Amino acid sequence: MRHKVKLFALGGLDEIGKNMYGVEYRDEIVVIDAGIKFPDADLPGVDYIIPDIRYLLDHKEKVKGIFLTHGHEDHIGGLPFILRQLNVPIYGAALTLGLVRFKLEEHKLLRRAELHLADENSEFAFKHLSVKFFRTAHSIPDAFGIVVDTPQGQIVHTGDFKFDLTPLGQPANLFTMADIGRRGVLAMLADSTNSEKPGYTPSERVVGKAIRDTFRQCPGRILFATFASNVHRLQQVVEAAYDCGRKIAIVGRSMEKVFRIGQELGYIRMPKGMMVDVKKLDDLADEQVVVICTGSQGEPNAALTRIASGSHTHIQIYPGDTVIFSSSPIPGNSRNVHRSIDRLLRAGAEVIYGSIIDIHASGHGCQEDLKLMLNMMKPQYLMPIHGEHRMLLQHSRLAQAVGMDRERVFVMDNGDTLLVGSDGATKGKRIPNGQSLVKGNMLGGEAESVVTDRKMLSESGVVIVMLALEQPGCRLLSGPDLISRGFVYVKEAGEVMAAATRLARRQCARLNKRNITNVAVWKEAIGQALAAHFDSVMERSPLILPIIAEVEEGMEGTIGSMDSTNMTGLADEATSGGSSGSGEKRRSTRSRRRSKSSKTSQSAETEDSSEWVDREGSADRVNEADGAGEGNKPAEEAVSSVAELTSGGR
């Protein structure tokens, strides 16, 4: 009796992004895509969310490789973090691998990566499974669907697709799709993003005409924001700018990267001398300028977001500028997008967005596209993917509308398994699933612990406990002094804080009496006592941050900066976001940690946040810090660490 094929998703169901799917047969697993998702507001300071790959790590000997459908971030963005844990071969088309190479090079992983170029004539055969690609139409060149041949039949993953009969690049291979369907498809995993939208998705060529017409009507500078990976759209902007006699400047690191790779592969064609350096824009008349930039989703650090807030180094908004948003907000990003639009309008710009003009076409098929794919492939079983739950359900209804039995359509959750074979399909046992958080180079539990601290800060504030101990022996020299930020208004809750201070002093006396010399025990004892006190009196749980300065015997004079008045001023500066010199203050505090006269021992929470910042910094910045600052100021150091934590590590 033949084994059944196991289908599962580690990401991409009930969500937009974080796409990762698996096809498993006996001792082989083929993984399709490895994407990221952007965090919501309830995950402060997190850069990305990637799939939890515990199941793949537990069966790493089975994993044959990761096969990429195309080069969008929600399909390839997780690779640098996943390859650190699971170094398997990567398969993808030319542009996709070009984007992957750049990403892996940034993370210093390229030399150890095994990359295989694929096209629609490629076939990669293993013991039981073989994998082939078929060309589709999407908003990025080199978009493919994937066919996994198994002993039970063909498994089709459509990738992101629409049916564009007048595409800008190579057309989808409809003949190959029909042939796949003719040979019989056991199960299909199909894109559901636009399943709620009737009709067909418009052709990208419609957008090209709208861009050209809009450019001709703009009297001043044009700032054009779109997804960096939307290469077809970028080529249309180049052509429209050329027709209108405008030069182009590229702003945003990811946009510069895609332009370079797109030009190398021939997907972006631009006359020589048309591109100008952003620093030289002031040398051109306003009607000669088009700025192509990132930030169409209101991402906090993207170029357009910084331009809108007035913090960009080279570009400011002036009355007469026109800003074009050529994208639809990803679910969850609408708030950030609207904030950017409001700021641009306040600065005097004309802003074109949303339904004001037909300046964007989706790369995902609408209802009629999905029906056409179902009719071409004729799968025995359907697993809707790539969408929120309502989108998956609507795709299920569309399948029933074209004749599929309801029991042959499986709306799944991440971690569910579907066992399919020629004799039927059933849901199997769930596998480990979830999400891993990424911040800088921090991944998983490390990042999650810092997010927990930040939630505590945002919900209940922080209470800093300052004291100095003489070493050796842990003799109390100064403090404990308490400073509250975001917890209580001290003038109205003075007795609460006074009682907490007395409690902290009694705890210090007990520790001294018991001859406890382990600083970590001091921190834990003080933190637990204060946490219980505040929970009992206030029914709130602030982040308790004990900061202990360890002073060598005979160096008592170094603790003068522990004066509570100085501390209050420093805390005000830190928790309000700091001054323009806050970066220099953090650098100098790092050097003070190396001072021979005093060692400042921070709580585990602060060490986590400091490490967060340090890991994002370059080696040059750390080396520069080694020589910064003089003297011994544990109070400044403590508050600087709190500043790092409360500022999101930026």
Region 255-353, accessible surface, carbon-and-sulfur percent (1.4 angstrom probe): 46 percent
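Leaving out ligands, DNA and RNA, and with a 1.4 Å probe, what % of the accessible surface on region 123-221 is carbon or sulfur?
Numbers: 2050 of 3660 Å².
Reported share for carbon and sulfur atoms: 56 percent.
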Residue by residue through region 470-481, the couplings from Karplus 6.51 cos²θ - 1.76 cosθ + 1.60 with θ = phi - 60°, in Hz, x for Gly and Pro, are 7, 10, x, x, 6, 7, 5, 9, 8, x, x, 10
Across K6/K64; K6/K103; K62/K127, pairs whose alpha-carbon gap is larger than 21 Å: K6/K103
29 Å Cα-Cα reach of K513 towards lysines, excluding residues that sit fewer than 8 places from it in its own chain: K523, K596, K599, K633
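Ordered by packing density, taken as the mean number of other Cβ atoms within 10 Å over each peptide's residues, highest first, how do 367-378, 264-275, 151-162 rank?
Working: 367-378: 19.7, 264-275: 12.7, 151-162: 23.4.
Descending mean neighbour count gives 151-162, 367-378, 264-275.
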Environment charge at E123 (Cβ cut-off 11 Å; Lys +1, Arg +1, Asp -1, Glu -1): -2
In Hz, Karplus ³J(HN,Hα) per residue of region 180-197 (6.51, -1.76, 1.60; θ = phi - 60°; x = Gly, Pro): 4, x, 5, 7, x, 10, 5, 8, 10, 9, 10, 4, 10, 3, 10, 5, 8, 9
Give me, ordered by chain and number, the residues 5 or more places off N19 or on other chains with an amide H under 5 Å from its own placed amide H. G35, I36
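With every protein chain present, what is the per residue accessible area of region 246-347 (1.4 Å probe, Å²)?
Numbers: 5080 Å² over 102 residues.
Heavy-atom SASA per residue in region 246-347 reads 50 Å².
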Name the long-range amide H neighbours of N414: under 5 Å, sequence gap of 5 or more, or other chain; modelled H, no Pro or chain starts. L13
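The values are calculated or read from the model by the stated rules, or taken from the named source; none is laboratory data. Since the structure is predicted, the reported quantities are computational estimates derived from the model, not experimental observations. Cβ atoms come from the backbone with ideal geometry, glycine included; neighbour counts cover every protein chain shown. These area figures cover heavy atoms from the full protein model, side chains too; ligands, DNA and RNA do not enter into them. Shrake-Rupley method; radii C 1.70, N 1.55, O 1.52, S 1.80 Å.
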